[in-house]
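Written out below as structure tokens is the structure these notes cover.
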Amino acid sequence: MTIIGPGEGTTIEGPVGGPLTFKVRGEQTGGRLTALENVVLPGEGPPLHTHAREEEAFYILSGELRFRVGDEDRAAPMGSFVFIPRGTPHCFTNERDVPARVLVLFTPSGMEGFFERFAAIAEPTPASFASAGADIGMEVVGPPLGAQPGAAG
């Protein structure tokens, strides 16, 4: 059993502008799960991307995000749950003027290295996002949600 209390975990700079706190890592779960709490700052979000190995899930703890998952584009307010099967193109953005807080789950684990590499980049770009994830099967397939044609605003 693993119990991580409030405020516990290792915190680094996340890829969407705010802090990212690892709640559980692969070495604690036998490679089954990575769980993290991420703060998404206003106007931030990753480029459209896929994961070759991992399923990804989000639970919105506070705030609201807009997701594009495959061809679907919708708002995910506080209390929403979003599941993304491996191989599905997806991205999100925070269109509000306050940070959003999300619980993110990856199964199996393995995304920890991406987040650590990305946190070390001085000036992050979509290209550096792609480079940091290339060795684990994460592929950038389009621009961030706010930059996509037809994106809701």
The condition from (1) in a strand (DSSP E or B); (2) touching a residue at least 40 places away in the same chain (Cβ under 8 Å); (3) closer than 19 Å to V140 by Cβ that L105 misses is numbered (3)
Residue pairs qualifying under the 7 Å Cβ cut-off, at least six apart or on distinct chains, with the first in the range 9-27 being part of a loop (DSSP other than H, G, I, E, B) and the second being among the basic types (K, R), are G9/K23
Only one of E56, E95, E72 is among the acidic types (D, E) and closer than 19 Å to E37 by Cβ, namely E56
Of the residues in the range 124-153 that are touching a Pro at 6+ places or on another chain (Cβ under 7 Å) and part of a helix (DSSP H, G or I), the one that is modelled with the highest pLDDT is F129
Using the structure shown, decide if R74 is assigned to a strand (DSSP E or B), under 14 Å from the mean Cα position of the chain (by Cα) and of a type in the set (K, R). no
TODO: Would you be able to say whether some residue in the range 24-37 is surrounded by fewer than 19 Cβ atoms within 10 Å (Cβ to Cβ) and within 24 Å of P143 (Cβ to Cβ)?
DONE: no
Going through (1) at pLDDT 95 or above; (2) closer than 20 Å to A134 by Cα; (3) outside any strand (DSSP E or B) one by one, C91 fails only at (3)
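From the set of residues in the range 40-75 that are of a type in the set (G, A, S) and in contact with a Phe, Trp or Tyr (Cβ under 7 Å, 6 or more places away or on another chain), which is modelled with the lowest pLDDT?
Among those residues, the one meeting the criterion is G45.
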If I filter the range 108-123 for residues that are among the charged types (D, E, K, R), in contact with a strand residue (DSSP E or B) (Cβ under 9 Å, 6 or more places away or on another chain) and assigned to a loop (DSSP other than H, G, I, E, B), do I get at least one hit?
no
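The values are calculated or read from the model by the stated rules, or taken from the named source; none is laboratory data. Note that this is a predicted model, so its numbers are computed, not measured. Note that we place each Cβ from the backbone using ideal geometry, even for glycine, and neighbour counts take in every protein chain shown.
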